[in-house]
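The values are calculated or read from the model by the stated rules, or taken from the named source; none is laboratory data. Fair warning: this is a prediction, and the values are worked out from it, not measured in the lab. Don't worry about glycine lacking a Cβ; one is built from the backbone with ideal geometry, like all the others, and counts go over all protein chains shown.
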C-alpha cells in the first residue's frame, strides 16, 4: 500500500468543507390537484347525520356512529360518518349525495401510520391535518343527484280561490307524485320530528312502488286522519327534511294526501281491517276531535269497547268547525271519520257532559276516560266595548260557515289576531264578499299562523296591518256597524331577553268603522263539565291539563290529550296524544301484557 | 360545418345533430352506416384524429350508445359520432383498420361493457381487470354494492347505526309504530 492510498481518504474529507458541485434539489411536496378527491373533510357542525353517504357508498366504507356532542339537536340524528379507508375507493358519491353539503374531500393524499386500524376515522370529529384544507373535491354549485326543487302543486289562483269555498290545492297527479317521491333520500330524520312519528320514508317508497294500499296501511299505523293531515297538517317534518337544506324539502304532506286520494273508501275495510279481539274493557272518550277519535280508533283496534261523547251534531271538532272547507273539504274529513266509526267506535252526538250525561257517572261506568275537549272558548281582548253585538268571534264565524249558516259579517270587516283562526276568519270573510283588514299587535314575521296561511291570505287581498293594538270598541249608533280605536305599536326589546314587546304609541291612534269586528286572538278551554271534586285532584294550569307519562292525568283512570293538554295545539299532536293515551290505557288495564311493567 | 352536416344527412342519414359545447357537435347515425361515415370524415373531411371511443348504457331502452369522438386539426372542430347498438349480444364493426389505437379502446369496451368487435386484435385478453370473474362491471345491471359485499372482507369491530332507529331509541322509545 502506497502512502497515497493511505492518505487519500483524508483528501476526500477536505472536500467536505468545499462548496458542493451538485445543486440542492429538495424533494418537492407534490400537492394533489385543486379538485383532487383526497381524504374526507366533514363539517361536523353542519352535518345532520342523515346517513345518505352511508347508504350510497358502494364499498360499504362508511358507518354512522353516535357522537355525543351532536346528540339531541333538532333535525339531527346525532350520528356522524366514520370512514374505513381500507374500503374507500374515493369515488366521491358520498360528497355528491351529501344533503347538508357538509362533506367534502381535501386534496391531501398521503397518510402514513404503522397501525392499519388508524385508517378508520370519524371525519370532522377526530382532528386531522387536512380538516381545514380549502382545496380538494367539492360538489359543484347546482349539481345534485336528486332534483333540488319540488314538483309544483297545482293550485287555484288567488282570484279564483276567493270566489268560492272550493279546495284551493288540487293535489298531485300520479306522475307528479312519483317524481316528487323520487327526491326522498329515505333518511328518516323526519320521523322523529313528526309528532305522530309517521313512517314517512316507507309510505313515500310505496308511491315509488305504485303500491298505494301498502302506503295507506303504513299511515294508519300511526295516524287515522291521513286524508285530513294530507291537507292541513302543520308538516313540521318538512322543516327538518335534509333535502330542504340545499333545495326544497320533499312535499311530504302532499304525498300523504296523494296516497289517500288514490284509495277509494269502499276499499278501506279490505285493506285496513284486522281482527278485533274484544277484551271486555270499556273506555269513554270525551270530544270527537282528532285527539278523541284517534284514541278511540287505536283503543278499538286493541279490543276495547269505546264510546265517544260529542257535544256537536257531528265529529271532527276544530277540523270540522274551525278549518274552512277550502283547506279541508268535508268529504276528506268524513273519509277519515267514517272509517274510524266503521271499526266499531260508538259516537254519541249532541251530548253535553254535565247536562245530558254526568261526568261522575262516566267515571263509575267506564274503566278509563280520555278527555280531549279542545279549546272552544274565544279569548277576550280585554278592552272596553268588546261585548258590542257587532264584535263576533272568529270561532263562531268559522263554525257558522261550516254549518252553511250566514255569519252576517257585512262588507267591511276587521279581524283581530295573527293565528290560524284569524287567517281563516279573514279568508272566509273574503269569500263572503267582504273587504278585510287584519290587525295584529306584533310584526307579521311573528305571527303564529302557518306561513303559507299568511301568504295565501295576502294573496287573497286581506290587508295585513302589523303592530296595531286594539284600544276600544265604540258604538256608532247603527246596529249594522261598529268602530274600533287602535293604536300603532313600537317593538321594544325585553330587558330580560324575551321576545320584543309591542308598546302602544298614544300619539298614533286610529279609528275606523267596520260592519263587524272578528276577534280571533286565541281560545281557552271550558272544563266546567268536570265536577269540582274531580277538578281539585287534577293539575290544571292556565286552563290546560298537564299530562304525565302516556298522557295520564293525576287520576289513574283519566287520560288527557289534544289542544287542552299540549302546547302545540295542532291536529297531528292531538292525534299522537290520542294514540299515546291508547297505549297508556292499554298498559293500565292490561298490566300483565307488557314486559316493561 | 352546416354544409357538411347537410351533405352527411343526405349521404349517410345522420340525425339528432346537436351542438354540445363550442366546437363540439354530436350526431347520430345508424349502425350499418357508421364505419363508412367515420372513414369519410377521416379521409375527406379532415377528422384525422380519433380522440376516444366510449359507451353509455341506456339499460331502460335496451341499447348501448357508442360515441366516436373525432377531431379536425384544420378548423379545430370536434365531432361526436353516436351509434346505438343492441345491448343483447352487443357487437360493432371494428375500426382498428382506420386508427391502429382503436383496438385498445375496443378491448376496454369489451371488458367493461361486454361489447364484441370481431377482428379487433387481442380482444380476448384481460385489459385492466385481471382475473375478473363477473359480468362486465360498467353494465348497469352490475351491482357494485353486492359485489363489494361478497368480495371484500370487513374490518373487525365496525358497527353502523340507522339514523331513524337511533333517534327513536334516543328520543321517543315508547312512541311510533304499531304499539
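Kindly indicate the residue of the range A:546-555 that is within 14 Å of chain B (Cβ to nearest Cβ) and assigned to a loop (DSSP other than H, G, I, E, B) and also nearest to residue A:449 (Cα to Cα) among those meeting that condition.
Filtering first and then ranking leaves A:547.
Kindly list the number of the only condition in (1) crowded, with 22+ Cβ neighbours inside 10 Å; (2) in contact with a helix residue (DSSP H, G or I) (Cβ under 8 Å, 6 or more places away or on another chain); (3) outside the structural domain of residue A:359 (by TED's automatic domain parsing) that fails for residue A:414.
(2)
I'd like the full set of residues that are within 7 Å of chain B (Cβ to nearest Cβ) and either under 21 Å from residue A:237 (Cα atoms) or not in a loop (DSSP other than H, G, I, E, B) (or both), limited to the range A:49-64.
First, pick out the residues of the range A:49-64 that are within 7 Å of chain B (Cβ to nearest Cβ): A:49-51, A:54, A:58-60, A:63-64.
Hits for the range A:49-64 are A:49, A:50, A:51, A:54, A:63, A:64.
Has the range A:221-232 got at least one residue that is more than 29 Å from residue A:93 (Cβ to Cβ), within 10 Å of chain B (Cβ to nearest Cβ) and surrounded by fewer than 24 Cβ atoms within 10 Å (Cβ to Cβ)? Spell out the reasoning first.
We begin by selecting, within the range A:221-232, every residue more than 29 Å from residue A:93 (Cβ to Cβ); these are A:221-232.
Filter again for within 10 Å of chain B (Cβ to nearest Cβ), leaving A:221-222.
Narrowing further to those that are surrounded by fewer than 24 Cβ atoms within 10 Å (Cβ to Cβ): A:221.
Within the range A:221-232, one or more residues are more than 29 Å from residue A:93 (Cβ to Cβ), within 10 Å of chain B (Cβ to nearest Cβ) and surrounded by fewer than 24 Cβ atoms within 10 Å (Cβ to Cβ).
When you look at residue A:476, is it over 26 Å from residue A:163 (Cβ atoms) and modelled with pLDDT of 95 or more, yes or no? Talk me through it step by step, then tell me what you get.
On the way: over 26 Å from residue A:163 (Cβ atoms): yes; modelled with pLDDT of 95 or more: no.
When the stated conditions are applied, residue A:476 does not pass them.
Just to be sure I understand, how many residues within the range A:82-99 are within 16 Å of residue A:43 (Cα to Cα) and facing chain B (nearest Cβ under 9 Å)?
1
Mind counting the residues in the range A:556-597 that are surrounded by fewer than 24 Cβ atoms within 10 Å (Cβ to Cβ), in contact with a strand residue (DSSP E or B) (Cβ under 6 Å, 6 or more places away or on another chain) and within 13 Å of another protein chain (Cβ to nearest Cβ)?
Number satisfying all stated conditions: 1.
For the list (1) surrounded by 13 or more Cβ atoms within 10 Å (Cβ to Cβ); (2) over 25 Å from the mean Cα position of the chain (by Cα); (3) assigned to a loop (DSSP other than H, G, I, E, B), I need the number of the one condition that residue A:23 fails.
The number of the failed condition is (1).
Please indicate, with yes or no, whether at least one residue in the range B:143-152 is exposed (fewer than 12 other Cβ atoms within 10 Å of the Cβ) and closer than 20 Å to residue B:55 by Cα.
no
Given (1) assigned to a helix (DSSP H, G or I); (2) touching a helix residue (DSSP H, G or I) at 6+ places or on another chain (Cβ under 7 Å); (3) at pLDDT below 95, identify the lone condition not met by residue A:449.
If we test residue A:449 against (1) assigned to a helix (DSSP H, G or I); (2) touching a helix residue (DSSP H, G or I) at 6+ places or on another chain (Cβ under 7 Å); (3) at pLDDT below 95, just (1) comes out false.
On the given criteria, is residue B:37 touching a residue at least 40 places away in the same chain (Cβ under 8 Å), under 29 Å from residue B:110 (Cα atoms) and touching a helix residue (DSSP H, G or I) at 6+ places or on another chain (Cβ under 7 Å)? I'd like the intermediate steps shown before the answer.
Working: touching a residue at least 40 places away in the same chain (Cβ under 8 Å): yes; under 29 Å from residue B:110 (Cα atoms): yes; touching a helix residue (DSSP H, G or I) at 6+ places or on another chain (Cβ under 7 Å): yes.
Considered against the rule, which asks whether it is touching a residue at least 40 places away in the same chain (Cβ under 8 Å), under 29 Å from residue B:110 (Cα atoms) and touching a helix residue (DSSP H, G or I) at 6+ places or on another chain (Cβ under 7 Å), residue B:37 comes out as yes.
Within the range A:543-555, track down each residue that is under 26 Å from residue A:399 (Cα atoms) and either touching a helix residue (DSSP H, G or I) at 6+ places or on another chain (Cβ under 8 Å) or crowded, with 17+ Cβ neighbours inside 10 Å (or both).
A:544, A:545
In the range A:20-33, is there at least one residue being away from every other protein chain (no Cβ under 14 Å) and modelled with pLDDT of 90 or more?
Scanning the range A:20-33, I find at least one residue that is away from every other protein chain (no Cβ under 14 Å) and modelled with pLDDT of 90 or more, so the answer is yes.
Results for (1) touching a strand residue (DSSP E or B) at 6+ places or on another chain (Cβ under 6 Å); (2) more than 28 Å from residue A:453 (Cβ to Cβ); (3) part of a loop (DSSP other than H, G, I, E, B); (4) within 14 Å of chain B (Cβ to nearest Cβ), shown as yes or no for each residue.
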{"site": "A:141", "(1), (2), (3), (4)": "no, yes, yes, no"}
{"site": "A:176", "(1), (2), (3), (4)": "no, no, no, no"}
{"site": "A:185", "(1), (2), (3), (4)": "no, yes, yes, yes"}
{"site": "A:201", "(1), (2), (3), (4)": "no, no, no, yes"}
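Does residue A:107 meet the test of being assigned to a loop (DSSP other than H, G, I, E, B) and within 31 Å of the chain's Cα centre (by Cα)?
Criteria not met by residue A:107.
Among B:56, B:14, B:38, which is the only one that is modelled with pLDDT of 95 or more and more than 21 Å from residue B:99 (Cα to Cα)?
B:56
Considering only helices (runs of 4 or more DSSP H) fully contained in the range A:229-277, which possess at least 3 residues that are within 15 Å of the chain's Cα centre (by Cα)?
In the range A:229-277, the matching helices (runs of 4 or more DSSP H) lie at A:236-240, A:252-262.
State which residue is nearest to residue A:386 (Cα to Cα) when the search covers only the range A:488-542 and only residues that are part of a loop (DSSP other than H, G, I, E, B) and in contact with a helix residue (DSSP H, G or I) (Cβ under 6 Å, 6 or more places away or on another chain).
Going through the qualifying residues, I end up with A:520.
Assigned by TED's automatic domain parsing to the domain that holds residue A:285, within 31 Å of the chain's Cα centre (by Cα) and surrounded by 15 or more Cβ atoms within 10 Å (Cβ to Cβ) - does that describe any residue in the range A:529-542?
Scanning the range A:529-542 turns up at least one residue that is assigned by TED's automatic domain parsing to the domain that holds residue A:285, within 31 Å of the chain's Cα centre (by Cα) and surrounded by 15 or more Cβ atoms within 10 Å (Cβ to Cβ).
When residues of the range B:105-122 are filtered for being more than 22 Å from residue B:59 (Cα to Cα) and surrounded by 17 or more Cβ atoms within 10 Å (Cβ to Cβ), how many remain?
1
Test residue A:201 against the stated conditions and say whether it is at pLDDT 95 or above, more than 21 Å from residue A:187 (Cα to Cα) and buried (at least 17 other Cβ atoms within 10 Å of the Cβ).
It is false that residue A:201 is at pLDDT 95 or above, more than 21 Å from residue A:187 (Cα to Cα) and buried (at least 17 other Cβ atoms within 10 Å of the Cβ).
Please go through the range A:208-220 and give me each residue that is more than 13 Å from chain B (Cβ to nearest Cβ) and surrounded by 24 or more Cβ atoms within 10 Å (Cβ to Cβ), ordered by number. Please lay out each step first, then the result.
Of all residues in the range A:208-220, those more than 13 Å from chain B (Cβ to nearest Cβ) come to A:208-216.
Residue satisfying the conditions is A:215 alone.
Are any of the residues in the range B:18-27 closer than 24 Å to residue B:124 by Cα and surrounded by 14 or more Cβ atoms within 10 Å (Cβ to Cβ)?
No, there is no match, as no residue in the range B:18-27 is closer than 24 Å to residue B:124 by Cα and surrounded by 14 or more Cβ atoms within 10 Å (Cβ to Cβ).
Report yes if residue A:76 is in a loop (DSSP other than H, G, I, E, B), under 26 Å from the mean Cα position of the chain (by Cα), at negative phi and more than 14 Å from every other protein chain (Cβ to nearest Cβ), otherwise no.
So residue A:76 fails the test.
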